[in-house]
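A.B. asks: A single structure is presented below for examination.
Please treat every number below as a calculation from the coordinates, not as lab data. Remember, predicted model here, so these are calculated numbers, not experimental data. In this analysis, Cβ positions are derived from the backbone assuming ideal geometry, glycine residues included, and neighbour counts consider all displayed protein chains.
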Amino acid sequence: MPELPEVETVRRTLNELVAGKTIERVSVHLRRIIQRPEDPEQFAAFLQGQTIRTVERRGKFLRILLDDRVIVSHLRMEGRYGVYDQDEPVEKHTHVVFHFSDGTELRYKDVRQFGTMHLFMEGEEFKLPPLHKLGIEPLDTGFTKEAFREKIAGRSTKIKPLLLNQEYIVGLGNIYVDEALHAAGVHPEREADKLSRAETDRLFESIVLTLQEAVDAGGSSIKSYVNGQGEMGMFQQQLKAYGRKGKPCEHCGHLIEKTVLGGRGTHFCPQCQPLKPKKRLPKRSI
């Protein structure tokens with residue numbers, strides 16, 4: 001958390017709030033947030049006088065495009081951005097502040113302190129960590145049924161851990177993998193290479209639909225997520241599997257179960273998502 005829909009919502013909000021603003025100076029209050037360059041003072045010096053052109057997204061990462069540099073930012077568990085007037089009190093756990101020439105500030109707050117920022121020359125960010133090994137974007141036009149089949153073909157890995165692996169498909173985390181698997185009727189422990197073509201196609205469609213609906217709803221506010229304007233997402237009201245242990249499946253009425261798979265809490269309906277799908281009986285001739 002946050003996953004693709006939440007990061008996409010933050011991206012859109014920041015574009016509205018900071019695009020076109022010029023950085024006068026940067027204050028770094030927690031050094032370890034800045035991963036590149038190693039010296040936070042260099043980070044601040046490189047950004048002085050740079051104007052934010054736009055904010056883009058790659059998987060769960062934000063790409064803040066400046067005049068000739070790019071900040072790659074990962075929010076991790078609880079990182080959040082907000083825009084404030086410079087006279088407003090600075091909240092606790094605010095670790096990086098971008099002071100703009102118009103008297104406003106972009107502040108990065110992170111209670112858990114797991115978030116990261118990397119600074120690159122524009123274009124260099126795709127050749128180096130953390131973006132260099134990321135997989136395909138599930139909301140891009142290049143994400144097709146054929147591309148999806150190719151990514152999971154021949155993989156004996158259980159389907160949920162495979163979908164969580166950002167080197168195959170980016171942006172998916174625990175919430176939306178549970179939701180997509182439930183919508184597709186696929187058990188999270190099924191081996192990827194054992195899925196039928198029909199199951200793979202259903203899963204592809206459910207991934208795209210689930211993510212798009214979540215983006216339209218502004219993401220899911222399960223814990224502390226808010227967008228750049230402090231607004232909560234609303235997709236949590238539409239969840240069918242995640243976080244619904246012991247509640248009836250809205251499709252069949254069977255109780256949603258929870259297990260741990262690959263160290264992640266995993267929600268599924270054993271009726272709609274059988275571990276061993278029943279084989280269809282051959283049609284009888286009359």
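A.B. asks: How much length, in nm to one decimal, is gained on full extension between THR51 and GLU137, taken as 0.36 nm per residue of separation minus their Cα-Cα distance? Walk me through the numbers on the way to the answer.
C.D. replies: Values: separation 86, 0.36 × 86 = 30.96 nm, distance 2.73 nm.
This chain segment gains 28.2 nm when fully extended.
A.B. asks: Which order, highest average first, do 201-208, 152-159, 258-265 follow once you tally other Cβ atoms within 10 Å for each residue and take the mean per peptide? Working shown, then result.
C.D. replies: Numbers: 201-208: 19.2, 152-159: 15.5, 258-265: 12.8.
So the peptides 201-208, 152-159, 258-265, ranked by packing, come out 201-208, 152-159, 258-265.
A.B. asks: Going down the table (LYS133/LYS194; LYS92/LYS133; LYS21/LYS151; LYS127/LYS240; LYS60/LYS240), which pairs top 28 Å between alpha carbons?
C.D. replies: Details: LYS133/LYS194 26 Å; LYS92/LYS133 34 Å; LYS21/LYS151 40 Å; LYS127/LYS240 38 Å; LYS60/LYS240 23 Å.
In this structure, LYS92/LYS133; LYS21/LYS151; LYS127/LYS240 exceed 28 Å between Cα atoms.
A.B. asks: To continue, here is another question. Packing-wise, with mean Cβ within 10 Å as the measure, how do 113-124, 67-78 rank, highest first?
C.D. replies: Details: 113-124: 16.2, 67-78: 18.5.
Per-residue Cβ counts within 10 Å, averaged per peptide and sorted highest first, yield 67-78, 113-124.
A.B. asks: How far apart, in nm, are the 7 Å Cα→Cβ label points at CYS252 and GLN212?
C.D. replies: So the label points at CYS252 and GLN212 sit 2.7 nm apart.
A.B. asks: While we're here: Percent relative contact order of the chain, based on C-alpha pairs within less than 8 angstrom and at least six residues apart? Spell out each step's value before the answer.
C.D. replies: Working: 556 pairs, mean separation 50.3, N = 286.
Rounded, it is 18 percent for the chain.
A.B. asks: In sequence order, what are the phi-derived ³J(HN,Hα) couplings for segment 142-156 according to the Karplus relation 6.51 cos²θ - 1.76 cosθ + 1.60 with θ = phi - 60°, rounded to whole Hz, with x for glycine and proline?
C.D. replies: Coupling constants for segment 142-156: x, 8, 10, 4, 5, 5, 5, 4, 5, 5, 9, 4, x, 9, 7 Hz.
A.B. asks: Can you work out the PRE-style zone for ASN165? Point 7 Å along Cα to Cβ, and I want the residues of segment 122-136 with backbone N under 18 Å.
C.D. replies: Counting backbone N atoms under 18 Å from the label point, the list is 131-136.
A.B. asks: Restricting things to alpha carbons, tell me how big the chain is in terms of Rg and Dmax, in Å.
C.D. replies: My reading of the Cα-based Rg and Dmax gives 21.2, 83 Å.
A.B. asks: Work out, step by step, the length gained on full extension between ALA198 and ASP39: first 0.36 nm times the residue separation, then minus their alpha carbon distance; give nm to one decimal. Please report the intermediate quantities before stating the final value.
C.D. replies: Values: separation 159, 0.36 × 159 = 57.24 nm, distance 5.17 nm.
Gain on extension, ALA198 to ASP39, equals 52.1 nm.
A.B. asks: Regarding segment 145-268, what's the average projected area of the Cα-atom convex hull, expressed in nm²?
C.D. replies: Dividing the Cα hull surface by four gives the mean projection, 7.9 nm².
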